[in-house]
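Presented below is the structure to which this report refers.
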Number of protein chains: 2
Amino acid sequence: MARTQGSHSDITGPRIREAALRLFARQGYAAVSMRQIAAEVGVQAGALYNYIPDKQSLLFGLMKGHLDELLAARAAVVPADNAVDRLEEFTRFHIRFHHDRPDAVFIAYMELRNLTPENFARIESLRRQYENELEDILRQGVTEGVFDVPDTKVATMALIAMLTGVNTWFREGGRLSLPEVETIYWTMVRKSVAR
Amino acid sequence: MARTQGSHSDITGPRIREAALRLFARQGYAAVSMRQIAAEVGVQAGALYNYIPDKQSLLFGLMKGHLDELLAARAAVVPADNAVDRLEEFTRFHIRFHHDRPDAVFIAYMELRNLTPENFARIESLRRQYENELEDILRQGVTEGVFDVPDTKVATMALIAMLTGVNTWFREGGRLSLPEVETIYWTMVRKSVAR
DNA sequence: GTCTATAAGTGGATAGAC
DNA sequence: GTCTATCCACTTATAGAC
């Protein structure tokens, strides 16, 4: 990956972010050095500081980018008119979206404690926006009389944790395909909130 | 916490483990220095090496101790004779046990990547033993005809993730008591596997 | 069993040359 | 925009005094 001198402003920035994402996910933020990120990109450590003010901003940028992308993807969805269909769409979306970016998901959950308090608050606010859509779906279902949920806030946390857990065990090429896994989880989600 | 010289072999060992558990959970293994642990205990960094060979062994010992305790607690339970009661007992046990030791649970999930491959394999084997009991309960329920589960392996991972998630949001003194939370989760678990 | 001192190396971040 | 060189604080772990 070693390069000789030269200017590459338009490609080095994204490459720094990609390298940091991969390394932070595999080794953890605290265990990764700026020199290691630079080596992956093919520059010297000093060059990183043309793109980021410090290591903390690099971490925050990765987490914020991930959550912005998540919320943008939700904003692009046209909601079904009934709660059951909305919940199925949300379930399958969550599994697929998180499956497609395991490194970003891992970092967004594991490195929260390495954020400054201000950055932590901003990330948590974005995450809460996402969770609120699921709670909204559950409340709609209760109002429609198609769901029976003891507590919509608790059910939201329970379902999000269940769905995100797919990333901890699912591997491509195993016994089940991702659409099969989606269907199994949807069955369990549907029944858990059924009347 | 500063102390003057003296011998304290019988108390320093446990105090090192307690301090490391707390600090690793709050800041992460890689971000905590041996000096920091020593300062919490009230000794100099060099004294730690009378109790542990190195930092890695300290981490592994904490995780192994946690999982040994978990499996010992399960071994002490007399199983009910029907799958529904067994599953309710497992659900409430999991929530309570994990609630009682949030730092150990956090470390056991978050610091797996900081284990050497050999240590990682030993920890994963212990965790699988615990998960196997839940899958066994689900299979028993299917055999008895009281559960309808699309895939017992996937359902096991889904339910464990859901139950462990309680630790990420539940705080004592909030809107709900822990027994109330247990009951809400048991309702969702029961329905998700119901026939 | 704990201390002090130290070895040998790595950390994030900056300065100035090109 | 990237390089080399550097600052200095900090890292894990060990040696030997007490």
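Explain nothing, just the number: dipole magnitude of the protein assembly as shown about its Cα centre with +1 on each Lys and Arg Cβ and -1 on each Asp and Glu Cβ, in debye rounded to the nearest 20.
1040
Full extension from A:LEU178 to A:VAL146: what is 0.36 nm times the residue separation minus their Cα-Cα distance, to one decimal in nm?
Length difference between fully extended and current span is 8.8 nm.
Along the positive direction of the dipole of the protein assembly as shown (beta-carbon charges: Lys, Arg +1; Asp, Glu -1; about the Cα centre), which of A:GLN27, B:GLN44, A:VAL146 reaches farthest?
B:GLN44
Once you've got the GNM for chain B with C-alpha springs shorter than 10 Å, pick whichever of B:ILE107, B:ILE11, B:ILE160 has the biggest mean-square fluctuation.
Maximum among the listed residues: B:ILE11.
Counting only protein heavy atoms and using a 1.4 Å probe, what share of the accessible area of the protein assembly as shown belongs to carbon plus sulfur, as a whole percent?
Ligands and nucleic acids excluded, carbon and sulfur give 53 percent.
Just to be sure I understand the interface: list residues from region A:168-195 that lose 50 Å² or more of accessible area between the chain on its own and the complete protein assembly, 1.4 Å probe.
The answer is A:TRP169, A:ARG175, A:ILE184, A:MET188, A:LYS191, A:SER192.
Taking a label point 7 Å from Cα toward Cβ, how far is B:ARG26 from its twins in the other copies, in nm, shortest first?
3.2
Okay, helix-only estimate at 222 nm for chain B: each DSSP H run of n ≥ 4 adds -39500 (n - 2.57), divide by all residues, round to 500 deg cm²/dmol; what do you get?
-23000 deg cm²/dmol
Excluding ligands, DNA and RNA, what is the solvent-accessible area per residue of chain A at a probe of 1.4 Å, expressed in Å²?
Per residue, chain A has 49 Å² of solvent-accessible surface.
Need one word for the protein assembly as shown: rounded, prolate or oblate. Basis is the Cα gyration tensor (sqrt eigenvalues a ≥ b ≥ c); a/c below 1.5 gives rounded, then a/b vs b/c decides.
Cα axes put the protein assembly as shown in the oblate bin.
List the distances, in nm to one decimal, from the label point of A:ARG128 to the label points of the same position in every other copy, shortest first, placing each label point 7 Å from Cα along the Cα-to-Cβ direction.
From this label point to the equivalent ones elsewhere in the assembly: 4.1 nm.
Label position 7 Å from Cα toward Cβ: report the copy-to-copy distances for A:SER177 in nm, one decimal, ordered from shortest.
5.0
For chain A, what is Rg from Cα atoms divided by 2.2 N^0.38 Å, rounded to two decimals?
1.21
Can you work out ³J(HN,Hα) from phi for every residue in region A:125-132, in order, using Karplus 6.51 cos²θ - 1.76 cosθ + 1.60 and θ = phi - 60°, giving whole Hz and x for Gly and Pro?
So the J values, rounded to whole Hz, are 5, 5, 5, 5, 4, 5, 4, 4.
Taking a threshold of 23 Å on the Cα-Cα distance, which of the pairs A:LYS55/A:LYS153; A:LYS153/B:LYS191; A:LYS153/A:LYS191; B:LYS153/B:LYS191 fall above it?
Pairs exceeding the cut-off: A:LYS55/A:LYS153.
Chains B and A: buried accessible surface, both sides, probe 1.4 Å, rounded to 100 Å²?
In total, this chain pair buries about 2800 Å².
The values are calculated or read from the model by the stated rules, or taken from the named source; none is laboratory data. Values in this document were obtained by computation on a predicted structure and should not be read as measured data. Cβ atoms come from the backbone with ideal geometry, glycine included; neighbour counts cover every protein chain shown. Ligands, DNA and RNA are excluded from the accessible area calculation, which covers all protein heavy atoms including side chains. Shrake-Rupley method; radii C 1.70, N 1.55, O 1.52, S 1.80 Å.
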